[in-house]
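Below: the structure, in structure tokens.
Bear in mind that the values in this text are calculations on the coordinates, not laboratory data. As the structure is a prediction and not an experimental result, all values here were calculated from the model. For neighbour counting, all protein chains shown are included, and Cβ atoms are generated from backbone atoms with ideal geometry for every residue, glycine included.
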């Protein structure tokens, strides 16, 4: 008897590493595998460790509960991260799920960037199906297509589906300070089309004391260069666009890349 297909409804993020082919070509398999294992395959645990360092009980218990519910699917240079609503979730719990999902993505982006693995990605909302290494759903395809259109290293939110979810759950009203730090309105450069104003995750949130970037241009270039990656002409454009996004982020928060930035605790 055929097993019933059960879809879920919630958050979807589709992410990929820029320059991954060059990374594989220019490194011995053993060295490449070590980097992939440490920073990509271990991304879920590395992200959890950041939250463990940042938050203490009772906040830590709430954060851990949500972060542990996320589903990670990692294959090749791609990460598919999902988190579904539960039947017992209140409106505020769903809003908190969104908050922790975006904080996880921002932390993941920051961790991979600091280790020379710049990523681009997109977040959407809707019904989806994930089982083992198989997945389906318009929300996943939408996130993939939006991610693939980006001409910089960054994570954007799907304007329609995520905006509707945010408005329905009143995420900004429940968590105004955190969402203001997490999400920036920015004119995003796209491949083969005009730039569009989008909501983009902040490049450096949450901050930890070890993160500093005094020379933005050099820091971005080194991230794209690291692990012996080549900078081809099309890559230079992404570096330029990423640099200016970082400069915009710093303009909105001058302490963006400095040591010891304030951490705002999410409320349960």
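Taking the number of other C-beta atoms within 10 Å as the exposure measure, put 78, 172, 104, 3 in order starting with the fewest.
3, 172, 78, 104
Packing, taken as the mean count of other beta carbons within 10 Å per residue, orders the peptides 81-88, 175-182, 31-38 from highest to lowest as 175-182, 81-88, 31-38. By the count of neighbouring beta-carbon atoms within 10 Å, fewest first, 223, 114, 134 end up ordered 134, 114, 223. Between the range 166-239 and the range 101-141, the C-alpha centres lie 14 angstrom from each other.
Ranked for footprinting exposure by Cβ neighbours inside 10 Å, fewest first, 225, 98 give 225, 98. Only helical runs count toward this figure. For the chain, summing -39,500 (n - 2.57) over DSSP H runs of n ≥ 4 and dividing by all residues gives -14000 deg cm²/dmol at 222 nm.
DSSP assigns beta bridges within the range 8-252; of those with both partners inside it, close to 90 percent run antiparallel.
Only one of the values [x] 1.12; [y] 1.08; [z] 0.97 was calculated from this structure for Cα Rg over 2.2 N^0.38 Å; name its label. Recomputing Cα Rg over 2.2 N^0.38 Å here gives the entry labelled [z]. Subtracting the Cα-Cα distance of residue 24 and residue 187 from 0.36 nm times their residue separation leaves 55.5 nm of extension gain.
Relative contact order of the range 8-252: 25 percent, from C-alpha pairs under 8 Å at least 6 residues apart in sequence. Model label sites at residue 91 and residue 35, defined 7 Å from Cα along the beta-carbon direction, differ in position by 4.7 nm.
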